[in-house]
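I have placed the structure first, in the form of structure tokens, so that the comments after it can refer back to it.
The values are calculated or read from the model by the stated rules, or taken from the named source; none is laboratory data. Just so it is clear, the model here is predicted, and its values are computed rather than measured. Note that each Cβ is placed from the backbone with ideal geometry, even for glycine, and that neighbours are counted across all protein chains shown. Heavy atoms of the whole protein, side chains included, go into the accessibility calculation; ligands, DNA and RNA do not. Shrake-Rupley method; radii C 1.70, N 1.55, O 1.52, S 1.80 Å.
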Amino acid sequence: GAPLVSAASDHHDACMPDFPTMIFAMLAAFAAFQWWSSARAAAERAGQLGREACERAGVQWLDQSVHAHSMRLRRSDDGRLRVGRSFRFEYSDDGVQRHIGHLVLHGGRLVAFSGPTRPEAAPLHSIN
């Protein structure tokens, strides 16, 4: 006899991805979301740290943002590989000149910073 499966059924099966492909696609989408989410969280943390450093130093934080500068795998103090993200931001101490600050985060932890610092008090000289 003739097969009992119709041509429409064959076409439907050919369009559906197989189970391992669907699992791989779901895992890839989840990994991409996690990567994006951790990058967003690091940028928000860097912005907070840059803003606080400018406030403490009494300088103006320009553009109200940080810019991702680089990213690399680094070993943390416990020996585990972590993503190290570098950010830069701009600030001004006189409202005219722009200066660049840098900070590096491992996860949410600040591991390097260069930028505005609190002005040191001038030493008092006694007149004798």
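Observations on the model:
- Kirkwood-type hydrodynamic radius, region 11-111: 16.2 Å, calculated from all non-identical alpha-carbon pairs.
- Computed FRET value (nearest 0.05) for Arg72 with Asp94, which takes r as the C-beta separation and R₀ as 30 Å: 0.30
- Glu52 sits with roughly 70 Å² accessible to a 1.4 Å probe, with DNA, RNA and ligands left out of the calculation.
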